[in-house]
Amino acid sequence: MVWAALHSRTDILFDGLPAEAWPEGGEEQAPLHLHVAWPFTDSLGGPTDVSLTLHDAGGGVRVDVRHAGWGEGPAWDTAIQGHFAGWLQGLAALGLLVESGVDARDAQPMTRPRYFVSGELQSSPSAVYRSLVDASVRARWSNGAFEGVELVEGIEDRFIRWRRPAASGPPIEITAILRATPRGTHLAVAEYGVVDEAASGRWPSVFEGLARFLS
């Protein structure tokens, strides 16, 4: 099922990446391994290299992605950061779809600007989930970052969707995907409908505030 989803739901996997489908001409060993040249960095000096491997994780599947062949310099650094966030968001969203059938993407057109950020918190998914959905708890650590948001969907300990009215056009949509890890919880946050660069400064500090609150 996971191997099939990695191929058939690239709309979700590549939501934060420059691709729409896997590049042609890769080496495939179904259903465990895929290796492709990644041509979407040609403008920086050449393609990079993506390897994807599936492992049995005792009742589930672990997907390892290795993206190698990066160059050096500011443009490469920006591409690395963008791809890192994109892969984490795509894998988290695809895992949510496979396990629950929920599509975590924004319901608005895919041309809307978005911002992704992920991190690991050393607390259980239930503690993270409650800190995000309970407005009275959230107000203790978020420093107003969620002001005006409306909770519209939630899967306990797994997924949250909020909306915030925008000054014009469709509302801003924020999603959070939670996944248990050996050390705590991986949290992947996406904001759709970003109107300026404020999101890139806001969300890292939100993560820091939540981590301090839960510690």
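In this entry, L44 is excluded by the filter for residues that are over 25 Å from G119 (Cα atoms), in contact with a Leu (Cβ under 7 Å, 6 or more places away or on another chain) and modelled with pLDDT of 95 or more. Restricting the first member to region 12-31 and to residues that are among the acidic types (D, E), and the second to residues that are part of a strand (DSSP E or B) and crowded, with 17+ Cβ neighbours inside 10 Å, the beta-carbon pairs closer than 6 Å and six or more apart or on different chains are E28/L34.
The number of residues in region 149-163 that are open to solvent by less than 60 Å² (accessible area, probe 1.4 Å), in contact with an Asp or Glu (Cβ under 9 Å, 6 or more places away or on another chain) and more than 21 Å from G201 (Cβ to Cβ) comes to 5.
Let's see how each residue does on (1) modelled with pLDDT of 95 or more; (2) touching a helix residue (DSSP H, G or I) at 6+ places or on another chain (Cβ under 9 Å); (3) more than 23 Å from A93 (Cβ to Cβ):
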residue: V63; (1), (2), (3): yes, yes, no
residue: H67; (1), (2), (3): yes, yes, no
residue: G73; (1), (2), (3): yes, yes, yes
residue: D77; (1), (2), (3): yes, no, yes
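Could you tell me whether F40 is without any contact (Cβ under 8 Å) to a residue 60 or more places away in the chain and of a type in the set (F, W, Y)?
On the way: without any contact (Cβ under 8 Å) to a residue 60 or more places away in the chain: yes; of a type in the set (F, W, Y): yes.
It is true that F40 is without any contact (Cβ under 8 Å) to a residue 60 or more places away in the chain and of a type in the set (F, W, Y).
Can you find a residue that is open to solvent by less than 50 Å² (accessible area, probe 1.4 Å), part of a helix (DSSP H, G or I) and without any contact (Cβ under 8 Å) to a residue 24 or more places away in the chain anywhere in region 125-148? Looking through region 125-148, at least one residue is open to solvent by less than 50 Å² (accessible area, probe 1.4 Å), part of a helix (DSSP H, G or I) and without any contact (Cβ under 8 Å) to a residue 24 or more places away in the chain.
The rows are residues; the columns are (1) open to solvent by less than 30 Å² (accessible area, probe 1.4 Å); (2) within 15 Å of the chain's Cα centre (by Cα).
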position	(1), (2)
D77	no, no
Q81	no, yes
F84	no, yes
L88	no, yes
L91	no, yes
V102	yes, yes
A107	no, no
Y115	no, yes
G119	yes, yes
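Each residue in region 1-10 was checked for being exposed (fewer than 14 other Cβ atoms within 10 Å of the Cβ) and at pLDDT 95 or above, and 2 of them qualify.
Identify the residue in region 184-214 that is in contact with a Leu (Cβ under 9 Å, 6 or more places away or on another chain) and not in a strand (DSSP E or B) and, among all such residues, is modelled with the lowest pLDDT. Walk me through how you get there before you give the answer.
Within region 184-214, the first condition is being in contact with a Leu (Cβ under 9 Å, 6 or more places away or on another chain), and the residues that meet it are 184-188, 207, 210-211, 214.
Narrowing further to those that are not in a strand (DSSP E or B): 207, 210-211, 214.
Working: F207: 93, L210: 97, A211: 96, L214: 96.
Result: F207.
In the set (1) more than 30 Å from L32 (Cβ to Cβ); (2) open to solvent by 30 Å² or more (accessible area, probe 1.4 Å); (3) in contact (Cβ under 8 Å) with a residue 40 or more places away in the chain; (4) of a type outside the set (D, E), V98 fails one condition alone, (1).
Please tell me if Q89 is part of a helix (DSSP H, G or I), touching a residue at least 40 places away in the same chain (Cβ under 8 Å) and either closer than 26 Å to L32 by Cα or of a type outside the set (V, I, T) (or both).
Details: part of a helix (DSSP H, G or I): yes; touching a residue at least 40 places away in the same chain (Cβ under 8 Å): yes; either closer than 26 Å to L32 by Cα or of a type outside the set (V, I, T) (or both): yes.
The answer is yes for Q89.
Filter region 19-61 for residues that are open to solvent by less than 30 Å² (accessible area, probe 1.4 Å), β-branched (V, I, T) and under 21 Å from V2 (Cα atoms); which is farthest from the chain's Cα centre (by Cα)? Ranking the candidates gives V36 first.
Residue check: A166 meets all listed conditions (1) under 19 Å from V117 (Cα atoms); (2) open to solvent by less than 60 Å² (accessible area, probe 1.4 Å) but one, namely (1).
The values are calculated or read from the model by the stated rules, or taken from the named source; none is laboratory data. Just so we're clear, the structure is a prediction, and the values are computed from it rather than from any experiment. Note that each Cβ is placed from the backbone with ideal geometry, even for glycine, and that neighbours are counted across all protein chains shown. For accessibility, only protein heavy atoms count, side chains too; no ligands or nucleic acids. Shrake-Rupley method; radii C 1.70, N 1.55, O 1.52, S 1.80 Å.
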